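Each value in this text was obtained by applying a stated rule to the coordinates, not by laboratory testing. No experiment lies behind these values; they were computed from the predicted model shown. Glycine gets a Cβ as well: all are built from the backbone with ideal geometry, and neighbour counts include every protein chain shown.
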Amino acid sequence: MAEPSAAPSRPLDVPDKAWAEAVRREAAVRPLAAVKTSRAIVAAAARALGLSTAPLYRLTQAYRAQPVTQSLVVDSRSAVLPTSVA
């Protein structure tokens, strides 16, 4: 049996609070990104994260494009920070 994966390590240019939120969001976004989901499921996940559905759809789209925690780092000035993964 595979061991559970450890929490991803935080990039140095991402504040602790933003990284913690990205890790929390990944738990909800990963299943949404994996399969086609209903609006009801997306709405429930959005409520659980304290978001409306539009930002959650944007986060899911970003995660599908780049399925790493860093793609879910959010800046207060924008919906999703552009990030690069080395």
### Message
How much length would be gained if the chain were fully extended between R64 and V42, taking 0.36 nm per residue of separation minus their Cα-Cα distance, in nm to one decimal?
### Response
6.4 nm
#### Entry: Local electrostatic count, R30, Cβ distance below 12 Å [Lys/Arg +1, Asp/Glu -1]
+2
### Residue-wise HN-Hα coupling along the range 24-37, computed from phi with Karplus coefficients 6.51, -1.76, 1.60 (Hz; x: Gly, Pro)
5, 5, 4, 4, 8, 7, 3, x, 5, 6, 6, 9, 6, 10
### Message
If neighbour count is taken as other Cβ atoms inside 10 Å, put V68, V73 in order from fewest to most.
### Response
V68, V73
